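Asks: For reference, the structure I am asking about is given below.
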C-alpha cells in the first residue's frame, strides 16, 4: 500500500473514530496504536513510551496549566461583568455603543482567560439580556457575543498559540506578538460591522436614553484596572527579557488568584478549590490530547505519510495561493467538527512542511490557522459558541444565533485576506521586538 493511500485510509478511520463520540485524546491514541501494530508489529511499540515522554517532557508545557488557572480564576469572578459595565459607561454616547461595549469586553476578557466558551458565558449572561432590553435585535445581540468570544484564541496569551508553537517548534513569544495586531484589527472589524448594522436598522439610538456622569464612569475603574495591569505585566515580562513564557504564566496565575481573592472576596476554600479543580481538569485534557497527538504524528512519520504528502504537493507545481486556499478550506471543514486543539495538533505535522516549502512564514501561518479555528467555533454542526449562547438565551433559536454570527464570520474571512495581502500585520511586531525570524 502506497503512503498516500495509507494516509487517506488513516484520515478516514480517524474521522470515523472521532465521530463515534470517544474522547479525542483516546481516539487519536487508539488510531496511532492500531496502525503501528498493523504495519510494524509488536516491535513498533517499543519506542512509543519514549516518544510520548519526550513529547511531554517540555518545560514550555508548564505554561498551559498556569494560563488555564489564570483564566479559571477570572472566569469564576464578576470580572467579565465589570469589564462589560465599564465599557458600556465609557462608550454610552457612541452609536450602537452597547454592542461595541460587549465586543470590547469580550476582547479584554478573552485576553485574560484565553477561553472562548468562558468569554461567551461571562459577557453574554449580562450583555445579551441588556441589549435585548434596550431594543437591539436578537440576532445581532447573540451573534456579536458568539463572535467576540472567539477572540480569546487569537489575542495573547493564547493556549491555541502555545499548542501550535509546540507542534511546529515555533517561538511562542513570536506567535503571541504575531496575534496582537490581527487580534486588534479583527476586533475593530467586528465593531465596525456592529455599528453599521445598528445604524442601518435604526438601533444606533437604543442607548440614547442613558447617560453616565464622570463619577459613574470612574467609580468602576478600580475593579478592572488591576486585571488589565496583569495582562500588560505578563506581556512585558515575556518581551522585556524578564521571564520565560512558563514563568510569566505562573506569575499571571498567582496575580489573578490574588486579585480574585482581594477584589471579589473569593477566599473560601470551596471557591478556591473550584478554581483549581476546573484548571486541573482542562489542563489534563489538553495535555492528554498533546501526548496522543504526538503519537499520532509519530505514526504518520514512521509510515512515511507526512513526507509523501509533502512530496506529492511539491511535484504538483500548484500556485502557492491556490494551495493556501485549499488548506484554508481543509482547516475550516475540520474546525466545523473538531475543537481547535485537536485540529492544530493533528494537522500541523502534515501542513507545516507544505506551507514552508511554498514560502510562507510559519509564524504568519499560525495566525491564519488560528483565525480558521475561530471560524470553527461559530460554525455548525459543532460550533461550541453557538450552543453556549443558546444555553444563555434558550428562547432564541439556533438559526437566529447563526444568522447573527454569519456577518462576523465574513469579518474573519476579510481578516485572512488582509493577512494574505499584508503579511506584515502578523510579522511586523515580532520582527520589531525580537528581530527578524527565520
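Each value in this text was obtained by applying a stated rule to the coordinates, not by laboratory testing. For clarity, every value in this text was computed on a predicted model and none was experimentally measured. Counting neighbours? That spans all protein chains shown, and the Cβs are built from the backbone with ideal geometry, glycine included.
Asks: When the helix-only estimate is applied to the chain (DSSP H runs of n ≥ 4, each -39,500 (n - 2.57), divided by the residue count), what is the mean residue ellipticity at 222 nm, nearest 500 deg cm²/dmol?
Replies: It comes out at -26000 deg cm²/dmol, rounded to the nearest 500.
Asks: Which length gain, in nm to one decimal place, applies between residue 214 and residue 317 when the Cα-Cα distance is subtracted from 0.36 nm times their residue separation?
Replies: Extra length available between residue 214 and residue 317 comes to 30.8 nm.
Asks: Can you give me the distance in nm between label points at residue 56 and residue 43, each placed 7 Å from the Cα along the Cα-to-Cβ direction?
Replies: 2.8 nm
Asks: Then there is this: Set the Förster distance to 22 Å, then compute FRET efficiency between residue 301 and residue 26 from the Cβ-Cβ distance, nearest 0.05.
Replies: Efficiency, rounded to the nearest 0.05: 0.55.
Asks: Exposure proxy check: 126, 285 ranked by fewest other beta carbons within 10 Å?
Replies: Least to most surrounded, the residues fall as 285, 126.
Asks: Angle between the Cα long axis of helix 362-377 and the longest principal axis of the chain, 0 to 90 degrees, nearest 10?
Replies: Rounded to the nearest ten degrees, it is 60.
Asks: How many nm separate the modelled label positions at residue 329 and residue 201, each set 7 Å beyond the Cα in the direction of the Cβ?
Replies: Inter-label distance under the simple model: 3.3 nm.
Asks: Right, next: Calculate the spin-label point distance for residue 228 paired with residue 284, positioning each point 7 Å from the Cα along the beta-carbon direction, and give it in nanometres.
Replies: Computed distance between label sites residue 284 and residue 228 equals 3.8 nm.
Asks: If you average 1/r over every pair of different alpha-carbon atoms in the chain and take one over that average, what Kirkwood value in Å do you get?
Replies: The Cα-based Kirkwood calculation yields 22.5 Å.
Asks: Given R₀ = 41 Å, what would the calculated FRET efficiency be for residue 169 paired with residue 236, taking r from the Cβ atoms and rounding to 0.05?
Replies: FRET efficiency, residue 169 to residue 236: 0.95.
Asks: Mind giving me the FRET efficiency for residue 13 and residue 357? R0 is 30 Å, r the Cβ-Cβ distance, nearest 0.05 is fine.
Replies: The computed FRET efficiency comes out at 0.65.
Asks: Separate question: Computed over the Cα atoms of the stretch 1-150, what is the convex hull's projected area averaged over all directions, in nm²?
Replies: Over all viewing directions, the stretch 1-150 projects a mean Cα-hull area of 13.0 nm².
Asks: Please report, to one decimal in angstroms, the Kirkwood hydrodynamic radius of the stretch 1-74 built from all distinct Cα-Cα pairs.
Replies: Result for the stretch 1-74 stands at 14.9 Å.
Asks: Please report, in cubic angstrom per residue, the volume enclosed by the convex hull of the alpha-carbon atoms of the stretch 134-176.
Replies: Cα-based convex hull of the stretch 134-176, divided per residue, equals 68 Å³.
Asks: Arrange 76, 47 by Cβ neighbour counts within 10 Å, fewest through most, would you?
Replies: 47, 76
Asks: Mind checking the angle between helix 398-421 and the chain's longest principal axis? C-alpha axes, 0 to 90 degrees, to the nearest 10.
Replies: Relative to the chain, helix 398-421 is tipped by roughly 70 degrees.
Asks: Continuing with this model, one more query. Please build a GNM for the chain, connecting alpha carbons under 10 Å apart, and tell me which residue among 82, 139, 58 fluctuates the most.
Replies: Its mean-square fluctuation being the largest, the pick is 58.
Asks: Output needed: percent of Cα pairs per 10 Å distance bin for the stretch 349-438, bins running from 0 to the one holding the longest distance.
Replies: Percent of pairs per bin, in order: 15, 36, 26, 17, 6, 0.
Asks: Taking only the C-alpha atoms, wrap a convex hull around the stretch 316-364 and report its volume per residue in Å³ as a whole number.
Replies: So the per-residue hull volume is 80 Å³.
Asks: Semi-axes, largest first, in whole Å: what does sqrt of 5 times each Cα gyration tensor eigenvalue give for the stretch 265-398?
Replies: 35, 21, 13
Asks: Cut-off is 10 Å between beta-carbons; in what order do 274, 125 appear when sorted fewest neighbours first?
Replies: 274, 125
Asks: May I ask you to derive the relative contact order of the chain, considering only C-alpha pairs under 8 Å and at least 6 residues apart, and to give it as an integer percent?
Replies: 26 percent
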